[in-house]
Amino acid sequence: MSSPPSGAGRFAPSPSADLHIGNLRTAVLAWLFARSTGRRFLIRIEDLDDRTHDDVARQQLTDLAAIGVTWDDQPQWQSRQRQRYDAVIVRLADQGLAYECYCSRKDILSAPRAPHAPEGAYPGTCRELSDAERATKRETGRPPALRLRAEADEYTVTDLVHGSYTGVVDDFVVRRGDGVPAYNLAVVVDDALSGIDQVVRGDDLLSSSPRQSYLANLLGYPQPVYAHVPLVINAEGKRMAKRDGAVTLAELGVAEAFGLITKSLSWPAADMADLLRQFDPAALPRQPWIYQPA
Ligand code: GLU
């Protein structure tokens, strides 16, 4: 008999607002993917940007528990782990794998791009600056971001929903101009150090996964398997927002929210245990769920 995987899955909300029904559904799916494969399940509060929103984070944990998501270990808070990101950033810089970038968002969007580079991909403007050029830039006052010196243009990840997915790797930011570790770096470091080997999240992040996986590989971390699940959209085909009506657990109530989630998955279930018994990743709806509140 093969032993169960020792790894873990996770849900990693940013505490910017109460979880809406779409976030809750993604959390339920992440839990199902993990538990159905014998993995542990961890929660990480991604509060590097939203350090002041402790109350929102706590409400998110309360809502996750209310819907029946269970987790192992104490939830982790990114803002309490700054040293671990800083250590990795120093390591990258020491190895010549990071460089200072003085570009504004506008500079990047207006710079000429390679023919197939997507909008927003970094065109490499500051990659080969000389020491003298860098000294001049420093005098302009804009504190530089630190970018990864990537040696690949693209990278391939394994995704349980999308199959083998190849996407762009550019010289992405690892530390922002304000000194805060960038999301793409923090997520890779946290997943690896927590033993997370299964990343289930909304498919708005699918295109970030090659960058993250590339960085994980560069740092000698194991590659997680991904499952980017369809998002919930409103009747106009847009990302769901407050004005779409009742969307949070407080507004819907637990029974209604759970019922909507199971209905959207076409696996009617009484509770999470029941849902787990029925969970079949192959039968996961591939289309966004169009949410229309009653
Ligand atoms: N914190 C991100 C969000 O709430 C998710 C990051 C991830 O799952 O990698 O959108």
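Here are the numbers for this structure:
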{"quantity": "Segment 1-113: proportion of alpha-carbon pairs further apart than 23 angstrom, %", "calculated": "49"}
{"quantity": "Degrees, to the nearest 10: 254-265 long Cα axis against longest axis of the chain", "calculated": "80"}
{"quantity": "Cubic angstrom per residue, convex hull over Cα atoms of the chain", "calculated": "155"}
{"quantity": "Largest-first ordering by accessible area, 1.4 Å probe, given options His116, His228", "calculated": "His116, His228"}
{"quantity": "Within the chain, percent of DSSP bridges classed antiparallel, to nearest 5", "calculated": "50"}
{"quantity": "Degrees, to the nearest 10: 21-35 long Cα axis against longest axis of the chain", "calculated": "90"}
{"quantity": "Per residue solvent-accessible surface (Å²) - the chain, probe of 1.4 Å", "calculated": "48"}
{"quantity": "Residues with amide H under 5 Å from that of Ile45, placed H, sequence gap 5 or more", "calculated": "Gln76, Trp77, Gln78"}
{"quantity": "Accessible surface of segment 174-294 [probe 1.4 Å, protein heavy atoms]: carbon and sulfur percent", "calculated": "54"}
{"quantity": "Solvent-accessible area, 1.4 Å probe, carbon plus sulfur percent, for segment 51-159", "calculated": "48"}
{"quantity": "Top of Gly22, Gly179, Gly141 by mean-square fluctuation, Gaussian network on the chain, Cα under 10 Å", "calculated": "Gly141"}
{"quantity": "Solvent-accessible ranking of Glu128, Glu251, Glu154, largest area first, probe 1.4 Å", "calculated": "Glu128, Glu154, Glu251"}
{"quantity": "Computed over segment 19-139: relative contact order in percent, which uses C-alpha pairs under 8 Å that are six or more apart", "calculated": "21"}
{"quantity": "The chain: Cys lacking any partner C-beta under 4.7 angstrom", "calculated": "Cys103"}
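The values are calculated or read from the model by the stated rules, or taken from the named source; none is laboratory data. Here the structure is a predicted model, which is why all the values come from computation and not from measurement. In this analysis, Cβ positions are derived from the backbone assuming ideal geometry, glycine residues included, and neighbour counts consider all displayed protein chains. The protein model used for the area step is the full one, side chains on, heavy atoms only, and it has no ligands, DNA or RNA in it. Shrake-Rupley method; radii C 1.70, N 1.55, O 1.52, S 1.80 Å.
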